[in-house]
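One structure is given below, encoded as structure tokens.
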Amino acid sequence: MAVVSRKPVLRVRKSGALLIAALIALIGTVPLAGTRWSTAPLLLIPLAVMVWVLRAGTDVFPDRLRVRALLGSTDVPWSRIDELVPDERGRVIARLSGGSDIRLTGVTTANLQAVLAAADQPVSSPPPPD
């Protein structure tokens, strides 16, 4: 029986600059939210962004990817992934064998090689256009 690691080989997260921006937004919201009780829920917006930045991302395991969002996560075995393709903004999408797509949070064309290397997955290039 194979032992499956519970700890990811690589964690890919959003930029730390987003966390700093959310912190600045939180500090800027405090004076407005403190004026009356009806504006206090405004503090939840930058707090939610902070939690999202800390939590959301893609965890790379030898046998699967775990795509994490603000409130949940999805495990995708490497065997279900047909290809990883970049979108027009440089983010990476996993095309699954069932025909659906899932965006890999935090994975860009710049760090895609590191993701594939961490999972010991083969790298292939598309054929050149005719």
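The values are calculated or read from the model by the stated rules, or taken from the named source; none is laboratory data. All figures in this text were calculated on a predicted structure; none of them were measured in a lab. Virtual Cβ from ideal backbone geometry, glycine too; neighbours counted across all protein chains shown.
Structural remarks
- Checklist (1) part of a helix (DSSP H, G or I); (2) in contact (Cβ under 8 Å) with a residue 12 or more places away in the chain applied to Ile27, failing item: (2)
- Taken residue by residue, segment 51-61 has no member that is among the aliphatic types (A, V, I, L, M), over 19 Å from Lys14 (Cα atoms) and in contact (Cβ under 8 Å) with a residue 12 or more places away in the chain.
- Selection status of Leu112, within 13 Å of Arg11 (Cα to Cα), in contact with a strand residue (DSSP E or B) (Cβ under 7 Å, 6 or more places away or on another chain), aliphatic (A, V, I, L, M) and surrounded by 12 or more Cβ atoms within 10 Å (Cβ to Cβ): yes
- Here segment 88-107 is the region considered, the condition is being touching a residue at least 12 places away in the same chain (Cβ under 8 Å) and among the charged types (D, E, K, R), and the residue that is surrounded by the fewest Cβ atoms within 10 Å (Cβ to Cβ) is Arg103.
- Candidates in segment 12-32 are the residues that are exposed (fewer than 12 other Cβ atoms within 10 Å of the Cβ) and under 17 Å from Thr105 (Cβ atoms); of these, the one that is modelled with the highest pLDDT is Ala17.
- Arg66 falls short of the stated requirement of being under 27 Å from Ile20 (Cβ atoms), surrounded by fewer than 12 Cβ atoms within 10 Å (Cβ to Cβ) and touching a Ser or Thr at 6+ places or on another chain (Cβ under 9 Å).
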